[in-house]
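Notes follow the structure.
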Amino acid sequence: MHSIQVKDLSLNFGAVSVLKTLNLDVAEGEFIVLLGPSGCGKSTLLNCLAGLLDISDGEIWIKGKNVTWAEPSERGIGMVFQSYALYPQMTVRGNLTFGLKNAKMPKDEIDKRVARAAEILQIGPLLDRKPGALSGGQRQRVAIGRALVRDVDVFLFDEPLSNLDAKLRSELRVEIKRLHSRLKNTMVYVTHDQIEALTLADRIAVMRSGIIQQLDAPQVIYNRPANLFVAGFIGSPSMNFLHGATVDGGRAFDLNGLTLSLDGYEGGAVGARPKAILGLRPEHLTIVAEAEAGRTIPAVVELDEPMGADSLVWLKAGGVQVSVRVPVERRMAAGTAVHLRVDIPKASLFDAGTENRI
Amino acid sequence: MADVTHALGVRAKAGPRGARPKPLFSRRNIMVYGTLGLVSLYYLLPLWVMVVTSLKGMPEIRLGNVFAPPVEITFQPWVKAWAEACTGLNCDGLSRGFFNSVRILIPSVICSIAVASVSGYALSMWKFRGSEVFFTILMIGAFVPYQIMIYPIVILLRELGLYGGLWGLVLVHTVFGLPILTLLFRNYFATVPEELFKAARVDGAGFWAIFFKIMMPMSLPIFVVALILQVTGIWNDFLFGVIYTKPDLYPMTVQLNNIVNSVQGVKEYNVNMAATLLTGLVPLTIYFISGKLFVRGIAAGAVKG
Amino acid sequence: MTQRPTRLFRNASSKLALVPMITITLVVFVGCTLWTVLYSFTKSKSLPRLDFNGLDNYARLWKTSRWLVSIENIAIYGVLSMVLSLTLGFLLAALLDQKIRFEDTFRTILLYPFALSFIVTGLVWQWILNPDFGVQHVVRGLGFTSFEFDPLYNPEIVIYGILIAGLWQGTGLIMCIMLAGLRGIDEDIWKAARVDGIPMWKTYLYVVIPMMRPVFITAIVLIAAGIVKVYDLVVAQTSGGPGIASEVPAKYVYDYMFRGQNLGQGFAASTMMMLCVVIVLIPWAYLEFGGKKRG
């Protein structure tokens, strides 16, 4: 059964189209991450799901009910915000119970739910404090609690970790994942942080300009990006792109006269294309000393950046800058001429015209 | 040399923990404090004159100068100003005006703040197509001289049966307080994070629940600012009081002016000054008690506008 | 609810809550203004009636010596109070911004007149400037027997007497706004100027004041709005006298509407006042809102 269904959703602000006939089906218990650069419409979509924005066209179904024009509180959703959005003059308990009191819930039921949320999130000792007296991490826990007590099937997260420092962020990330495996409810999570997306999501929806570019499992998004935008947006440092052409009936890639064999490429029929782009992640290149026919390209080292666990080497190959991830022990002097062996089975080929994956 | 550049060239912008400018009698300090001291004296002079004059008897006033402290202190002028001074046929002093002002003030302040706070809230958080247009017109209205509207308002109030009465004036104060107060509240509510508002909507709170349970409790300071602004403004009003009320309902300012500038009888300057001080006492008290909030109020009303 | 609700009734409470504000805006601020403008073209005397006489009221207005005196007075008062309020307000704010002791005390003293009404202000200065007991009397008592300073009784200079009182009441406000503006300036600007060896007065003149443009604009608008409304002060201090020497437009309007039984004149005069404000308002709106688009 679908937990959330978005059917042909459009949203326009005046003449500006923010979301364009968007479709999205979320399975029950699924963790969906909406990922994209700022202004791509991911938060807007979440606000539409929550009922905080009126949509221009289309329908939204939650749990088999058409909620397109329902009030936010009637949709069976809980929401967690980036700035926590705790009511400053209420205690933590007041924050947790405000929605329940608005729904005129009996007091013993309220108490039961607050106790459960406090137990799950370990905020019991904080219940009588005010938000001002809490740390950022505690505040976000309370904000999650506020969604939790509503006992709803769908949780909406709007960049919940962006206001926290790096350490807290990774802690709470783990906690959200634990929460999901315990509660097993549907979660829609908006972020611009790809680490969060890759670690948390069952499926990631990568968005740009109000359109979902690719909706797939994290490893598919990472390894088989559907187009140039997804390929460039995911991964840090981003994928290396080599512009050339596919030749020999699609069996080889021509890079300014240098030929790379495409044997083992996992994709559809490549065919001969006069303009193609070969996408290679930094870890899919290996630095070797000797050239191997059809498998390597020559390069010159420009600088290396040790990053702790490994190190990044920046080289010039075929006129473009290329980054390669290497074990940390290998220091490379600038100016060294080397060769890069290409891991074709893990590479991505794109049509330069459509920018789509071949 | 370093001392001179320090004294002339720089404001010693140290934090609270930093050292104060070292030489107490440097040229810079004498200039700064000297100027400020003289200016302060000038600003305090009228207050001083009011106080000393109101405590003198008439013979002493005729002989001495206005700045000299009283030789013989008498509170008779105060008593007379409060309870006996005459305006027209009434001879019960300023007390009548005082109580009129109080009766005008309380409902006016409540009404104007109620309407303006709700309007400001709706304008900042529940925008709809066209709401900004009305707000812009209202803001232009704040700068248009009252004189162009006063006469038609007389007609409107007469049609409503409110002309000359207390509630007519309350309505007028509510109307003319609206632009600046709406601006004040709108700007304040605009600083409340939007996500808080969204969270409350997800929690099932509607327009009024969000206003009374979320926004009002967290915006007490701005309500106090509005209160100060309105109490001083309405208390000090003269024009509306004189146009829209009848003599037995005249607010204190109007009555004060009638007492002091009446052409009948001998001028009793000490009584006049006592009356003037009495009238100024309410806003002055509010000013000295509220201190920084008063400053914040005018700064909020002015700079953001 | 599965049907799209009608736009009009979406968030009905918020629209309902704005009904008072919208009514007031349309009826009073728009309606009453237009009413007065319309009736300024009529022969209304003691009662308003729609009997048009074109621009007669305006023609007569600009031939009335009292109106001309009023305009001259408000021009003198306006220009001087604008220049002096801004200069004094800024200088005082700059002085208070020198990290001095007793800053709060000084500010409290400079601002307290603003809490007082124009009536109180006018009456106390009427007393201080009284030639028989006030400043003139005291200075003569010191031996300067030929000293003359009686602005409230001398038609030539009476408007300056009112100006003194007006400045005393209002400069504190301008100072406060300027001080807020000065405090809003990044402290690094001062550090940078200090490192560059720029003298303080130059920093104020070439760096700080240009940065405070919005504050100055606000102050100018506030002062301008206050100038047009000057009424109570004159009523309390001089009642327009001696003769008609200290009349101002707002008083002209009031007297013709409510005392002179000549509504047409009152309406025409108030329409002229509004025109003046519009002339001030349009450049301001252009600077405030037109300027932002370019930036």
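Before moving on, here are some points about what is shown:
- Here A:K275 is the anchor, and the lysines within straight C-alpha reach of less than 24 Å, apart from those fewer than 8 places off in the same chain, are A:K316, A:K346.
- Dipole magnitude (debye, nearest 20) for chain C, charges at Cβ of Lys, Arg, Asp, Glu: 1320
- When cysteine pairs in the protein assembly as shown are screened for C-beta atoms closer than 4.7 angstrom, the residues that find no partner are A:C40, A:C48, B:C111, C:C32, C:C176, C:C276.
- Amide H contacts under 5 Å for A:G29: A:T186, restricted to partners 5 or more places along the chain or on a different chain, H placed in the peptide plane at 1.01 Å from N.
- Average accessible surface for the protein assembly as shown: 43 Å² per residue, computed with a 1.4 Å probe over protein heavy atoms with every protein chain in place.
- Across peptide A:249-259, the average count of Cβ atoms from other chains found within 10 Å of a residue's Cβ is 0.
- Shielding by other protein chains, C:133-141, mean Cβ within 10 Å: 3
- Integer Hz, Karplus 6.51/-1.76/1.60 couplings in order for segment A:252-266, x for Gly and Pro: 9, 10, 9, 10, 6, x, 8, 10, 10, 6, 9, 4, x, 5, 8
- Close Lys pairs in chain B, defined as Cα atoms under 30 Å apart and 8 or more places apart or on different chains, number 17.
- With contributions of -39500 (n - 2.57) from each DSSP H run of at least four residues, the per-residue ellipticity at 222 nm computed over chain B stands at -22500 deg cm²/dmol.
- The GluC sites (Glu not before Pro) of segment B:49-120 meeting both criteria, a DSSP state outside H, G, I, E and B (loop) and at most 16 other C-beta atoms within 10 angstrom of the site's C-beta, are B:E72, B:E84.
- Long-range amide H partners of A:M207 with built H, under 5 Å: A:L35, A:G36, A:Q213
- Here the 3J(HN,Hα) profile of segment B:44-56, calculated from phi with Karplus coefficients 6.51, -1.76 and 1.60 at θ = phi - 60°, is 7, 3, x, 5, 4, 4, 4, 5, 5, 4, 5, 9, 9 Hz, Gly and Pro shown as x.
- Each residue of segment A:154-169 is assigned a 3J(HN,Hα), and the resulting list reads 10, 9, 10, 10, 10, 6, x, 9, 5, 8, 9, 6, 4, 5, 4, 4 Hz, derived from the Karplus form 6.51 cos²θ - 1.76 cosθ + 1.60 (θ = phi - 60°), x at Gly and Pro.
- Surrounding net charge for A:D254, when Lys and Arg each add one and Asp and Glu each subtract one, Cβ distance under 12 Å: +2
- Amide H contacts under 5 Å for A:R75, placed H, 5+ residues apart: none
- For segment C:128-188, the set of GluC sites (Glu not before Pro) satisfying both a DSSP loop assignment and a count of at most 14 other C-beta atoms within 10 Å is given as C:E148, C:E156.
- Excluding same-chain neighbours fewer than eight residues apart, the aspartates and glutamates reachable from A:K167 by a Cα-Cα span under 14 Å are A:E175, A:E196.
- The number of Lys pairs in segment A:18-129 with C-alpha atoms less than 26 Å apart, excluding pairs fewer than 8 positions apart on the same chain, is 12.
- Close Lys-Lys pairs in segment C:61-294, where close means Cα under 22 Å and separation is 8 or more or interchain: 5
- In this rough spin-label picture, where each label sits 7 Å from Cα along the Cβ direction, the B:K267-A:N163 distance is 6.4 nm.
The values are calculated or read from the model by the stated rules, or taken from the named source; none is laboratory data. The model shown is predicted, which means the values in this text are computed figures rather than measured ones. Cβ sites come from the backbone with ideal geometry, for glycine too, and all protein chains shown count toward neighbours. The protein model used for the area step is the full one, side chains on, heavy atoms only, and it has no ligands, DNA or RNA in it. Shrake-Rupley method; radii C 1.70, N 1.55, O 1.52, S 1.80 Å.
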